[in-house]
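Data block below; observations after.
The values are calculated or read from the model by the stated rules, or taken from the named source; none is laboratory data. Treat the numbers as computed from the prediction; the structure is a model and nothing was measured. Every residue, glycine as well, gets a Cβ built from its backbone with ideal geometry; the counts of neighbours run over all protein chains shown.
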């Protein structure tokens, strides 16, 4: 496949699956396996940068307010300061799991059966939100730990980070808008760490910078629309509607690889 077309395809897939609860890591792993796509590390770096840009654009008002109140005015007894604390606490499980089992998790990217199982798990936890009782507009420290654990397990390809974290928040009774906002603000340190980690592992292999940048721009544009679509489904309390797609994909993978 032409490198430019390949980058655009991966950009579209990333732009859709990173934000909708259907696992970008699982989809990208499958694309690389079945279509023999060999992407330079730099492309992964740029995808993470694109992800961060989408978050900063979509939640720019919230991020700007947090930065202004906490880091400029240095007001530490505010709601914004509590959000920062919750984000830090919520990322502790990810750091522990990634550091402890990072190499083992990397091997799962080569296992279609493991990815299939993870897709079915994602679909199941998403579907359970259909029966959740929404009653809270605040997130406690205990909530942040549980949501953080869900984010940590999303290191496994096929488990959607947005799906796992938002579903966990909804099952804890947190309101839809609050669940979505916290889920993606929580991801900022994780995305930054991933981008830095990938950058440190860069080598000087030949790369097609133009096709990669185009792929990244495609992922940003598509990602913004995907986030808006996700917000609509959450507002309409239809988050569980993504479950059948994950189930069908997971079952199909089992069928193809057994």
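The single condition among (1) touching a helix residue (DSSP H, G or I) at 6+ places or on another chain (Cβ under 8 Å); (2) assigned to a loop (DSSP other than H, G, I, E, B); (3) modelled with pLDDT under 95; (4) over 19 Å from residue 27 (Cα atoms) that residue 133 does not meet is (1). The requirement of being more than 13 Å from the chain's Cα centre (by Cα), surrounded by fewer than 21 Cβ atoms within 10 Å (Cβ to Cβ) and closer than 18 Å to residue 84 by Cβ is not satisfied by residue 131.
Could you list, in sequence order, the residues of the range 46-74 that are surrounded by 13 or more Cβ atoms within 10 Å (Cβ to Cβ) and farther than 22 Å from residue 227 by Cα? Across the range 46-74, the qualifying residues are 67, 69, 70. Restricting 97, 86 to those that are more than 26 Å from residue 240 (Cα to Cα) and crowded, with 19+ Cβ neighbours inside 10 Å reduces the list to 97. Listed conditions (1) more than 20 Å from the chain's Cα centre (by Cα); (2) in a helix (DSSP H, G or I); (3) exposed (fewer than 13 other Cβ atoms within 10 Å of the Cβ) are all met by residue 106, apart from (1).
To keep it simple, each residue is scored yes or no on (1) in contact (Cβ under 8 Å) with a residue 40 or more places away in the chain; (2) under 20 Å from the mean Cα position of the chain (by Cα); (3) more than 27 Å from residue 2 (Cβ to Cβ).
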{"site": "42", "(1), (2), (3)": "yes, yes, no"}
{"site": "46", "(1), (2), (3)": "yes, yes, no"}
{"site": "52", "(1), (2), (3)": "yes, yes, yes"}
{"site": "59", "(1), (2), (3)": "yes, yes, yes"}
{"site": "65", "(1), (2), (3)": "no, no, yes"}
{"site": "75", "(1), (2), (3)": "no, no, yes"}
{"site": "98", "(1), (2), (3)": "yes, yes, yes"}
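Say whether the condition of being modelled with pLDDT of 95 or more, on the phi > 0 side of the Ramachandran plot, buried (at least 24 other Cβ atoms within 10 Å of the Cβ) and out of contact with any strand residue (DSSP E or B) (no Cβ under 9 Å at 6 or more places or on another chain) is met by at least one residue in the range 159-178. No. Remark: residue 212 matches the filter, which requires a residue to be over 17 Å from the mean Cα position of the chain (by Cα) and either crowded, with 19+ Cβ neighbours inside 10 Å or without any contact (Cβ under 8 Å) to a residue 12 or more places away in the chain (or both). In this structure, does residue 125 turn out to be assigned to a helix (DSSP H, G or I) and under 13 Å from residue 25 (Cβ atoms)? Answer is no for this residue.
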